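In what follows, a single structure is set out as structure tokens and then discussed.
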Amino acid sequence: MLTPSYGLLAQAGKYRLALARERTENALKHLLRQATEGHAASFASLEGVLHMGDRRLMALTQRLERDGLVRSEGTQFQLTPEGERVALHVLRAHRLWELYLADELGVPIDRVHEQAERAEHGLSKEQLDRLSASMGHPELDPHGDPIPTGDGPVPESPGTPLGAWPPSTPGRIVHLEDEPPLAFAQLSAEGLRLGQIVRVVERSPTRVVLSDGESEYRLAPMVAANIHVAAVTAEPAPAGWPEGVIPLTGLPSGASAEVVALDPAFRGFARRRLLDLGFTPGARIRSDLATFAGDPRAYRLRGTTIALRREQSDRVLVKPLA
């Protein structure tokens, strides 16, 4: 039987195939997420994620099992090795695409998840390899989640949930969970970001209060649970770097320093812009002027005065000069 290759019928056929693939990959990604969090995926949990009726979801799970991607144990589902491979591919596509949107296209961080959800399907391994190579084979996405390699195991999310972090102990934010989107949107609106050092100054059943030494952040416990932190001393300077290296933000007004490097986690257009401005190893820089609010701050570099916001100067690593 011949099928049309163009026209409305052809478009409808392609749409059905794309929708089937999207549902398949979303189901496998959910099973992978549940497994990495130590939970068992069930028919009910799949129903909540895929928003499908019982009959269609039953047909989908039967097809996944028939194709060797999933095996069922009673009312619970587990990935087979082949199912895990496919799920890791989709997860890698999602996180690489999030990073590309944030670093290369400048999409606001609270919008990259939704766009990556749509773009993660239909990408081949070769396309992902090229995308990863173009960004220098990054290890983390914009939220601090580890990016799977092309053939590696499931990477573990870094850090400790804020709810398990001891009060008054400084911790560096290493991961901001992007699901549910509303919780992440609130964290972004508060101004919390990766790399920021915070302390828990108050914890109650109704709120969690954080401080970074300058500002306080009052969050609902469910929102605060999306923050993961690590010990501030857990990230030593890479081998070969001089001692005494600090972020440019820590350079006092009027002091001079020598640029050592840009933070390796700082990628994309923003990194290239700083390099174009002359923030290269060995360049001399002086902290000239801070605004009343302290942000942005002016720096003197290569005979030019440049204004940088805190999130940019935090990424420039310098060694103060006597």
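Side notes on the structure shown:
- Here ALA307, ALA283 are screened, and the one residue that is surrounded by 14 or more Cβ atoms within 10 Å (Cβ to Cβ), over 20 Å from GLY195 (Cα atoms), under 29 Å from the mean Cα position of the chain (by Cα) and at pLDDT 85 or above is ALA307.
- Test result for LEU96, within 19 Å of ILE147 (Cβ to Cβ), outside the structural domain of SER188 (by TED's automatic domain parsing), at pLDDT 90 or above and not charged (D, E, K, R): yes
- HIS94 meets each of the listed conditions (1) within 29 Å of GLY213 (Cβ to Cβ); (2) outside any loop (DSSP other than H, G, I, E, B) apart from (1).
- Exclusive hit being touching a Leu at 6+ places or on another chain (Cβ under 9 Å) and modelled with pLDDT of 80 or more, set ALA265, ALA261: ALA261
- Residue in region 86-129 that is nearest to ASN26 (Cα to Cα), counting only those that are of a type in the set (Gly, Ala, Ser) and buried (at least 22 other Cβ atoms within 10 Å of the Cβ): ALA87
- If you filter region 42-79 down to residues that are modelled with pLDDT under 90 and assigned to a strand (DSSP E or B), you find that the one that is nearest to the chain's Cα centre (by Cα) is SER42.
- Filter pass, ASP141 being touching a His at 6+ places or on another chain (Cβ under 7 Å), outside the structural domain of ASP129 (by TED's automatic domain parsing) and either at pLDDT 90 or above or among the charged types (D, E, K, R) (or both): no
- PRO148 being under 17 Å from the mean Cα position of the chain (by Cα) and in a loop (DSSP other than H, G, I, E, B): yes
The values are calculated or read from the model by the stated rules, or taken from the named source; none is laboratory data. Note that the structure is a prediction, hence the values are computed from the model and not measured. In this analysis, Cβ positions are derived from the backbone assuming ideal geometry, glycine residues included, and neighbour counts consider all displayed protein chains.
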